[in-house]
Amino acid sequence: MRDRKWSRRDLLKASTASAAGLLFAEPLKAAAPPAEDVTPALIEAAKKEGKLSFYSALELTTAERLARTFEAKYPGIAVRVERSGAERIFQRIAQEQGSGIKAVDVANSTDPAHYLEWKKNDWLAPYLPGEVARHFPADQIDPDGMYATACAWTEAIGYNTSLVKREDAPKSYADLLDPKWTGKMVKAHPGYSGAILTTTFLLARDLGWPYLEKLARQKIMQVQSAADPPKKILLGERAVMADGNDYNLVLLKDQGKPVEVVYPAEGSPLIIVPSGIFRGAPNPNAARLFQSFFFSAEAQQMLLVDVFAHRSFHGQVKEKGEHVPLSSLKLLKADPAQVQAQSEEIKARYAKLFGV
């Protein structure tokens with residue numbers, strides 16, 4: 001069983017009709033756990049465990065920095081980071097759970113639909129950090145306390161300013177169909193990246209598959225992660241990125257690199273990144289301590305916003321002054337239940353259109 005390749009179709013056998021609605025839609029009978037603050041007793045219990053496993057779809061540098069900062073704050077607790085694309089993490093956890101392996105303590109994913117499935121399978125453990133209860137909006141918290149949105153970003157268009165003049169740069173998804181961009185673009189793949197799966201869902205929903213069919217004829221360089229397109233345009237391997245994480249470009253621009261982010265006229269896909277603790281976690285106390293740290297104003301402000309230009313829903317966290325706030329953007333938001341229901345079709349249709 002461990003060697004079996006699990007697809008989302010294998011795992012999503014039940015109808016998603018009952019999950020339709022918002023990601024954090026209120027169930028018929030919510031049983032939210034009481035909010036818990038970090039206590040000396042929790043820290044002591046976590047130190048006795050001495051370790052935890054963090055499965056993350058955040059970029060490796062982000063996940064590792066989060067882990068090392070946690071270790072510095074709580075000496076004696078080692079964090080093992082298992083980083084991969086969201087769809088790979090989903091498959092790995094399914095394989096482990098199907099084989100009776102309890103290895104993951106905390107997991108985050110750029111595909112919120114994963115949490116619908118994990119919650120339905122009763123794989124998640126309820127835990128509500130005090131700062132989440134006090135400072136996060138209710139629509140970013142699972143009503144049963146199984147997970148909450150740890151951070152967010154948008155998918156964007158971008159370009160290399162050494163190769164493209166500002167007045168010539170694309171300003172919308174429609175502009176990407178201009179013949180002048182043929183062979184000059186790069187984009188990521190929904191079969192690897194949960195963020196790109198959500199983005200593809202949104203573009204198919206709002207612009208239609210005919211749009212993606214036309215885009216596929218533009219001879220686009222295909223990469224895996226949503227973090228890869230910004231790197232390709234920075235290196236000048238392509239002039240324009242058709243999708244990719246906005247924060248990568250924001251950080252590069254802050255460093256004076258020749259890149260520019262474009263928030264498309266049609267709207268920017270919003271990518272939310274939940275985090276949750278798994279039931280049967282081998283290090284449950286360390287997992288709770290890490291989850292509380294992840295959602296703390298300290299970690300959210302210092303690591304996610306100031307250092308990595310992610311977006312936080314923590315009410316006490318402030319956006320850096322030179323960065324465009326979410327409130328000023330037109331956002332495209334996905335219903336994770338619909339993404340979940342259409343994921344296999346999206347990936348198969350995309351692979352056929354783009355030949356990858």
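The values are calculated or read from the model by the stated rules, or taken from the named source; none is laboratory data. The structure presented is a predicted model; accordingly, all values stated were derived computationally and were not measured. Here the Cβ is made from the backbone with ideal geometry for all residues, glycine too, and neighbour counts use every protein chain on show. Just the protein is used for accessible areas: all its heavy atoms, side chains included, with ligands, DNA and RNA removed. Shrake-Rupley method; radii C 1.70, N 1.55, O 1.52, S 1.80 Å.
A few notes on this one:
- Checking Gly244 against (1) modelled with pLDDT under 95; (2) over 30 Å from Gly145 (Cβ atoms), the condition it does not meet: (1)
- Residue list for the stretch 101-123, filter: buried (at least 17 other Cβ atoms within 10 Å of the Cβ) and either among the basic types (Lys, Arg) or within 24 Å of Ala297 (Cβ to Cβ) (or both): Asp105, Val106, Ala107, Asn108, Ser109, Thr110, Pro112, Tyr115, Lys119
- Some residue of the stretch 84-100 being small (Gly, Ala, Ser), in contact (Cβ under 8 Å) with a residue 24 or more places away in the chain, crowded, with 18+ Cβ neighbours inside 10 Å and not in a helix (DSSP H, G or I): yes
- Tally, over the stretch 284-297, of residues that are farther than 19 Å from Ile141 by Cβ and either charged (D, E, K, R) or surrounded by fewer than 23 Cβ atoms within 10 Å (Cβ to Cβ) (or both): 2
- Residue selected from the stretch 190-217 under the condition of a type in the set (A, V, I, L, M) and within 10 Å of Val339 (Cβ to Cβ), by the criterion surrounded by the fewest Cβ atoms within 10 Å (Cβ to Cβ): Leu202
- Qualifying residue in the stretch 209-222 (condition: among the basic types (Lys, Arg), at pLDDT 95 or above and within 20 Å of the chain's Cα centre (by Cα)): no
- Positions within the stretch 101-153 being polar (S, T, N, Q), touching a helix residue (DSSP H, G or I) at 6+ places or on another chain (Cβ under 6 Å) and in a loop (DSSP other than H, G, I, E, B), in sequence order: Ser109, Thr110
- If the condition is being surrounded by fewer than 24 Cβ atoms within 10 Å (Cβ to Cβ) and small (Gly, Ala, Ser), then the stretch 244-274 contributes Gly256, Ala265, Gly267.
- For the stretch 161-185, a residue qualifies if it is open to solvent by less than 60 Å² (accessible area, probe 1.4 Å) and under 30 Å from Phe313 (Cα atoms), and the qualifying residues are Pro170, Ser172, Tyr173.
- Filter pass, Lys13 being among the basic types (Lys, Arg), open to solvent by 80 Å² or more (accessible area, probe 1.4 Å), at pLDDT 95 or above and not in a strand (DSSP E or B): no
- All told, Asp306 meets the bar of being among the acidic types (Asp, Glu) and surrounded by fewer than 22 Cβ atoms within 10 Å (Cβ to Cβ).
- Note on the stretch 338-355: residues that are assigned to a helix (DSSP H, G or I), more than 16 Å from the chain's Cα centre (by Cα) and either loosely packed, with under 14 Cβ neighbours inside 10 Å or not aromatic (Phe, Trp, Tyr) (or both) amount to 12.
- Subset of the stretch 154-199 [among the basic types (Lys, Arg), free of Cβ contacts under 8 Å to residues at least 24 places away in the same chain and part of a loop (DSSP other than H, G, I, E, B)]: Lys165
- Taking the stretch 309-337 as the range and being farther than 21 Å from Pro264 by Cβ and open to solvent by 40 Å² or more (accessible area, probe 1.4 Å) as the test, the residues that pass are Phe313, Gly315, Gln316, Lys318, Lys320, Gly321.
- Some residue of the stretch 117-133 being touching a strand residue (DSSP E or B) at 6+ places or on another chain (Cβ under 6 Å) and under 24 Å from Lys352 (Cβ atoms): no
- Cross-chain or 6+ apart pairs with Cβ under 9 Å, the stretch 259-272 first and at pLDDT 95 or above, then in a strand (DSSP E or B) and surrounded by fewer than 18 Cβ atoms within 10 Å (Cβ to Cβ): Gly267/Leu331; Ser268/Leu331; Pro269/Leu331; Leu270/Leu331
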